[in-house]
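Structure first, then comments.
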């Protein structure tokens, strides 16, 4: 740091940082979320590749309709697509879960400004879900 | 019709080729700190004859994987500034939702416009890479009330200098504006938005470059999620296309991060600049209809 005076007037590291447990919780959320998504995608892709069917090509070139029911479909082809949809759902929800954890953590240390900010991000992600589900 | 560079292929061959190219795109993205999106969409569009919007959606979900995967490590090391990230995320998320909405409504079925929108973005990436930046941060930036009140100023341990470096954040409002733009571009073009957020954080908000790129990486997951939720739930995600793309870019980014420890040389950077300029030319030709 060039300016010694500037360094002195700075807030202490304890003030400027976030709760350390938050970093750990976010680390595990991201790792587990991406890991689970990767496993689901691998399983789904394997099912689709090794039980080839007419519907496979369509899921390569066109959007796949999403519904909760499709996650547990009975047919082999449906199972593969269901696993892929589940994998992407987990992937997409991973950052959302880390926002939830952040909101809780900021709340427990009574950081009102940041609790509000994180909750606002959460509400916006909720809006995004509604816009997707009810276009 | 499934094809690769105009040659018809079977689904299995296609998936393997997608994996291969996605690994390369993910590795290149991680090497440059760009995320794979800038490379993966043009590859899908040009080589695999995928519709631009379908390519964008596949890229956007894979961006979540690459950024979350690499962000985890940065977060634990304390390199990502979580407070700055969560402050700016408000803007990137609003942008991400707007971008995705514009794409599924106004731009639905207008692939050429999307292709054209890529041109300035890819050229900007090339310019930023070519130019670089000499000054990292200044010790006494102009005071910023929001940054003070939200305690956005921070510090990190610089492994190269072996000391704790403190920094004072400024320009929080222009930072929000840049983040919003980054979000729109992310939702629209399926890239992470780090292209705008990193230089914005560094030169406008006075955040050290290393912290800015680790923080951007962390934010990208949430930014991309905002757009991806719209696309996924409204049925715009081609799952069998996106799966190998996501798996490939995630593994590619781990590979790239390994290589990153030895930072890219000048000649490597120049090579990427050439690749990016060529990408811009191809997307332009597609956009104006001279190339299908």
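Readers should treat all values here as calculations from the given coordinates under stated rules, not as data from a laboratory. Everything numeric in this text was worked out from a predicted model, so none of it was measured. Every residue, glycine as well, gets a Cβ built from its backbone with ideal geometry; the counts of neighbours run over all protein chains shown.
Tabulated data
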quantity	calculated
Added length on full extension, which subtracts the Cα-Cα distance from 0.36 nm per residue, residue B:149 to residue B:177	8.2 nm
Inter-chain Cβ neighbour average for residues B:74-86, partner chain, 10 Å	5
On Cα atoms only, tilt of B:172-189 relative to the major axis of chain B in degrees	10 degrees
Fewest-first sequence of B:146, B:180, A:72, B:290 by Cβ atoms within 10 Å of each Cβ	B:290, A:72, B:146, B:180
Residue mean of other protein chain beta carbons inside 10 Å, A:98-106	3
Alpha-carbon Debye profile of chain B, log10 I(q)/I(0) at 0.08, 0.12, 0.14 Å⁻¹	-0.32, -0.72, -0.97
Per-residue [θ]222 nm for the protein assembly as shown (sum of -39500 (n - 2.57) over DSSP H runs n ≥ 4, rounded to 500)	-24000 deg cm²/dmol
With Cα atoms, 0 to 90° folded angle of helix B:52-77 axis to chain B main axis	30 degrees
Percent breakdown of C-alpha pair distances by 5 Å bin, ordered from the shortest bin, for the stretch B:1-41	6, 25, 23, 18, 14, 10, 4
Most mobile listed residue (B:64, B:102, B:94) in chain B, GNM with C-alpha springs under 10 Å	B:102
Angle between chain B longest axis and helix B:209-233 axis [Cα atoms, degrees, rounded to 10]	40 degrees
Förster-model FRET efficiency, 35 Å R0, residue A:49 and residue B:273, C-beta, rounded to 0.05	0.40
For residues of B:42-51, the mean tally of beta carbons on other chains within 10 Å	1
Distance-filtered residues of the stretch B:97-111 - backbone nitrogen under 20 Å, label point 7 angstrom along residue B:285 Cα→Cβ	B:111
Square roots of five times the Cα gyration tensor eigenvalues for the stretch B:1-74, Å	24, 12, 10
Alpha-carbon spread of the protein assembly as shown, three principal axes, descending order, Å	70, 46, 38
Spherically averaged projected area of the stretch B:70-115 from its Cα convex hull (nm²)	4.5 nm²
Fewest-first ranking of A:105, A:70, using other Cβ atoms within 10 Å as the exposure measure	A:70, A:105
For chain B, built as a Gaussian network whose Cα springs stay under 10 Å, the top-fluctuating residue of B:270, B:255, B:116	B:270
Average silhouette area of the stretch A:57-135, convex hull of alpha-carbon atoms, in square nanometres	6.4 nm²
Footprinting exposure proxy for A:112, A:23 (fewest neighbouring C-beta atoms within 10 Å first)	A:112, A:23
Shape of the stretch B:160-270, Cα gyration tensor, a/c cut at 1.5	oblate
Max mean-square fluctuation residue, GNM over chain B, Cα-Cα springs under 10 Å, options B:151, B:131, B:161	B:161
